[in-house]
Amino acid sequence: MFRPLIRSIAVVATMALFTVYSGAAVRGEMREWTNAAGNYKFKAEVIAFSDELVVLRRDSGELQAVELKELSKEDQEFVRSKEVADEVRKSAD
């Protein structure tokens with residue numbers, strides 16, 4: 001099961017760090033995410049990411065930082081994909 005890695009204040013600080021790290025926050029489309037075990041799914045969009053974490057905005061509006069290793073291989077590949085990298089580049093321009 002997914003669990004928040006940091007509390008709401010820490011999420012804001014983490015997002016600021018990701019913004020500096022990536023050059024910009026990523027705004028993506030809502031998509032379905034699955035945990036590594038494949039038994040839990042939810043809808044969210046990518047807000048920011050690093051090599052180890054991704055910050056997602058769930059359809060409820062809640063921000064959640066998730067370790068990439070907690071996500072399915074498909075979702076890990078999506079976060080590392082050219083599509084997401086292009087969104088980072090567009091946001092930085």
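What to note about this one:
- Cα gyration tensor shape of the range 27-74, rounded if a/c is under 1.5, else prolate or oblate by comparing a/b with b/c: oblate
- Sequence ranges 67-75, 36-44, 49-57, ranked by mean other-Cβ count within 10 angstrom, highest first: 49-57, 67-75, 36-44
- Spin-label pair S50/E77, simplified geometry with 7 Å Cα→Cβ offset, distance in nm: 2.6 nm
The numbers here are math on the coordinates, done by the rules we state, and not lab data. Just so it is clear, the structure is predicted and the values come from calculations on it, not from any experiment. Backbone-built Cβ (ideal geometry, glycine too); neighbour counts: all protein chains shown.
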